[in-house]
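Heads up: the structure comes next, in structure tokens.
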Amino acid sequence: MLRSLTHVGQDPVRGGYSRPVYSTAELDLRSWFREQAQRRGLDVETDRNGIIWAWWGPQQDGALVTGSHLDSVPGGGAYDGPLGVASALAAVDLLKARGIKPARSLAITVFPEEEGSRFGVACLGSRLLTGSIDADRALRLRDSDGDTFADVARSNGLDPRHVGPDPDALARIGDFVELHVEQGIGLGANGPGIAVGNSVLGHGRWKLSIYGQGNHAGTTLMSDRADPMVAAAQIIMAVRHAAARQPDARATVGRMIPVPGGTNVIASRVDMWVDARHPNDAVTAHLVEEIHGRAQRVAAEEGCTVKLTEESYSNTVHFDASLTGRIGAMLPDAPMLATGAGHDAGVLAGFVPSAMLFVRNPSGISHSPEEHVTDADADAGATALANVLAGLL
Ligand code: HGY
Ligand code: MN
Ligand code: MN
Ligand code: MN
């Protein structure tokens, strides 16, 4: 089943897979999921925030819920998100084959915009569900061609007036378990291919806009320029050095847009995004402050100005100790693993008992076409998830 997913959204330009939320590729995977769930006799519905719920048993408070996402980063891998969704379906197959009759309902969920690749805020669906983002702010978010989340949500059947906190839906989650491909090499090449997640690194994204003087590349002497690209180049190095000075910090500039972006044009503005992470939220805040200060100085030297905007931040999360402990007891060979990647389970952990399972990725590389899971490890993951769900039902 998993292999039937691992070709959807191939990106001929970037390589890898690009499945922005509500793109044709992501909508194709949503349709695939609905069809697979209905084939298993699950009741499928989409809630006010675009989260898909597939129910085994009546919709009820305190259900056992598992799921992940189907959207991707640009040029990403095939497994980040879809592995958790496909494994949840496979786990339902295994539970049914064992003749298990759930004592409480089980639901599989698919969260929209986990990557924040289209509208800029990661885990947008689970943040809306839990009220962790202001709904009006979410509706005003724009994608790279200026479409608002409100417009895109509306054209995908949602009513923007109802987008926002959904306490009734949240009450239906008694426990949440997300299976995910490992994004790192904590599991290594040998030993068990499954780990139990125990924490998510605090992480956020900040937009730095650098304003200069747009001009003609041929008629403007070098001494007469206020070139934001020159400032941006130095700021990228400042990000690198600031993070290198903080053990265990990670800071990345993976996206930068010169405006207007002409080969023979000195940019008038550069938008760039900093992704910064550290186990200690105060250290991340200090790191960003340091980067901002350096950016202001560098920009001034180039005759430019800088504006910093925080787009989203998630504190470091430690998963529910009792749930994680119960799962650990069910999977005695699985090590506990902290993750540097954000997940919807990390957002939900602030509201309902949540936990994660990770499946070995031999190279550890993720957000890249090199992300991979072997059939054997994928099967082991689905079996481990089935065992955990059976133990929690
Ligand atoms: O960015 C992250 O850590 C996650 O993959 N959304
Ligand atoms: Mn993911
Ligand atoms: Mn991801
Ligand atoms: Mn658009």
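The values are calculated or read from the model by the stated rules, or taken from the named source; none is laboratory data. Keep in mind that what you see is a predicted model, and the values were worked out from it rather than measured. So basically every Cβ, Gly included, is an ideal-geometry build from the backbone, and we count neighbours across all protein chains shown. Heavy atoms of the whole protein, side chains included, go into the accessibility calculation; ligands, DNA and RNA do not. Shrake-Rupley method; radii C 1.70, N 1.55, O 1.52, S 1.80 Å.
Brief remarks follow.
- Net length available on complete extension from Ser144 to Thr24 is 41.6 nm, with 0.36 nm assigned per residue and the Cα-Cα distance removed.
- The trypsin sites (Lys or Arg not before Pro) of the range 18-49 that meet both conditions, a loop assignment by DSSP and at most 16 other Cβ atoms within 10 Å of the site Cβ, are Arg40.
- Computed in the context of the full set of protein chains, the accessible area of the range 204-314 at 1.4 Å probe radius has 53% of its extent on carbon or sulfur.
- Its Cα centre serving as origin, the range 76-235 has a Cβ charge dipole (Lys and Arg +1, Asp and Glu -1) of approximately 380 debye.
- Straight-distance candidates among the lysines for linking to Lys307, with alpha-carbon spacing under 27 Å and chain neighbours fewer than 8 residues away dropped: Lys207.
- Prolate/oblate/rounded label for the range 1-159 (Cα gyration tensor, a/c 1.5): oblate
- Taking amide H atoms as placed 1.01 Å from N in the peptide plane, the amide H of Ser132 has no partner under 5 Å among residues 5 or more positions away or on other chains.
- Summing charges over neighbours of Ser366, with a neighbour being any other residue whose Cβ is under 9 Å away from its Cβ, gives -4 when K and R count +1 and D and E count -1.
- Computed about the Cα centre, the dipole magnitude for the range 204-314 is approximately 140 debye when only Lys and Arg (+1) and Asp and Glu (-1) carry charge, each at its Cβ.
- Taking amide H as placed 1.01 Å from N in the peptide plane, the amide H of Phe319 sits under 5 Å from that of Ser199, Val200, each at least 5 places away or on another chain.
- Three-way shape call for the range 204-314 based on the alpha-carbon gyration tensor, with the a/c threshold at 1.5: prolate
- Under the span-like rule (Cα at least 20 Å along the axis, Kyte-Doolittle mean at least 1.0), DSSP H helices of the chain: 82-97, 228-244
- Karplus-based coupling profile of the range 245-259, in residue order and whole Hz: 7, 10, x, 6, 7, 9, 9, 9, 10, x, 9, 8, 10, x, 10, with θ = phi - 60° in 6.51 cos²θ - 1.76 cosθ + 1.60 and x standing for Gly or Pro.
- Counted residue by residue at 0.36 nm each, then reduced by the alpha carbon distance between them, the extension gain from Thr263 to Ser363 reaches 32.3 nm.
- Cβ-defined net charge surrounding Gly120, 9 Å radius [Lys, Arg +1; Asp, Glu -1]: +2
- Each peptide in 65-71, 385-391 receives the mean, over its residues, of other Cβ atoms within 10 Å, and ordering these scores from highest gives 65-71, 385-391.
- Qualifying aspartates and glutamates (Cα of each under 14 Å from Cα of Lys101; at least 8 residues distant if same chain): Asp93
- The Cβ shell under 14 Å around Asn198 holds other residues with a net charge of -2, Lys and Arg each +1, Asp and Glu each -1.
- Toward the positive end of the charge dipole of the range 165-304, with +1 on the Cβ of Lys and Arg and -1 on the Cβ of Asp and Glu, the farthest Cα among Asn264, Pro192, Ala249 is that of Asn264.
- Across the range 117-131, rounded Karplus estimates of 3J(HN,Hα) from the backbone phi angles (6.51 cos²θ - 1.76 cosθ + 1.60, θ = phi - 60°) give 6, 9, 10, x, 10, 5, 6, 4, x, 6, 5, 5, 3, 8, x Hz, Gly and Pro being marked x.
- Fraction of antiparallel bridges per DSSP, the chain only, in percent to nearest 5: 70 percent
- Prolate/oblate/rounded call for the chain, Cα gyration tensor, a/c under 1.5 rounded: prolate
- For Val196, distant residues with modelled amide H under 5 Å away: Met336, Leu337, Phe358
- For the chain, the relative contact order is 22 percent, taking Cα pairs closer than 8 Å that sit 6 or more residues apart in sequence and dividing their mean separation by the residue count.
- Magnitude of the charge dipole, the chain, Cβ model with Lys/Arg +1 and Asp/Glu -1, debye to 20: 100 debye
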